[in-house]
Amino acid sequence: QVQLVESGGGLVQAGGSLTLSCVVSGQTFTINTMGWFRQAPGKEREFVAAIVWHGATSDYADSVKGRFTISRDNAKNTLYLQMNSLKPEDTAIYYCAEGRSVHLSVQAAEYDDWGQGTQVTVSS
């Protein structure tokens, strides 16, 4: 079992930046891929970014490419999402997730454990 706790959300103006963190605990040696997803009111949960936990390969949704950067610090068991040039349409609850048998999957259903989420609100 793996436990995930997100932090770093908040209210920011359009064009601003935020960095989300996700502290990972438990059986971290079982993790293959870590991902960030988001869910806006009335919408389905959508893929944002993913990274191989013990590697450097990453993937991004087209909507965030060039603006968001996913990274991880294995020594601190922490996943990050640096978000720049934020837009009002980035407003959502952001979740981190871990997958034991997936490789950079964009499908939420393929991830095994989830954090509780952190709210990001971008004002225009």
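The values are calculated or read from the model by the stated rules, or taken from the named source; none is laboratory data. These numbers come from a predicted model, not from an experiment. Backbone-built Cβ (ideal geometry, glycine too); neighbour counts: all protein chains shown. Note: areas computed on protein heavy atoms with side chains; ligands, DNA, RNA excluded. Shrake-Rupley method; radii C 1.70, N 1.55, O 1.52, S 1.80 Å.
Annotations for the structure displayed:
- Couplings for segment 58-64, taken from phi via the Karplus curve 6.51 cos²θ - 1.76 cosθ + 1.60 with θ = phi - 60°, read 9, 8, 9, 5, 4, 5, 10 Hz in order; Gly and Pro are left as x.
- Residues whose placed amide H lies under 5 Å from that of residue 86, excluding near-sequence neighbours: 15, 16
- Set of aspartates and glutamates with alpha-carbon distance to residue 76 below 20 Å, sequence-local pairs under 8 removed: 6, 98, 113
- For residue 52, net neighbour charge (Lys/Arg +1, Asp/Glu -1) across residues whose Cβ lies under 12 Å away: -1
- Within the accessible area of segment 4-124, the carbon and sulfur atoms contribute 48%, probe 1.4 Å, all protein chains present.
- Annotation: per residue accessible area for the chain equals 48 Å², rounded to a whole number [probe 1.4 Å, protein chains only].
- Cα gyration tensor of segment 1-41 - equivalent ellipsoid semi-axes, whole Å, descending: 26, 11, 9
- Contact order, relative form, for segment 41-116: 27 percent (alpha carbon pairs under 8 Å, 6 or more residues apart, mean separation divided by residue count).
- A simple charge model with +1 on the Cβ of Lys and Arg, -1 on the Cβ of Asp and Glu and nothing else charged puts the dipole of segment 59-122 at about 240 debye relative to its Cα centre.
- 5 Å binning of all Cα-Cα separations within segment 76-124, expressed as whole percents from 0 upward: 5, 16, 22, 22, 19, 11, 4, 1
- Taking all protein chains as shown and a probe of 1.4 angstrom, residue 59 keeps an accessible surface of around 50 Å².
- Net charge, residue 113 excluded, C-beta distance under 15 Å - Lys, Arg +1, Asp, Glu -1: -2
- Normalised by 2.2 N^0.38 Å, with N the number of residues, the alpha-carbon radius of gyration of the chain equals 0.97.
- The magnitude of the dipole of the chain, with charges of +1 and -1 set on the Cβ of Lys/Arg and Asp/Glu and taken from the Cα centre, is near 240 debye.
- Charge tally for residue 3 (other residues, Cβ to Cβ under 13 Å; Lys, Arg +1; Asp, Glu -1): -4.
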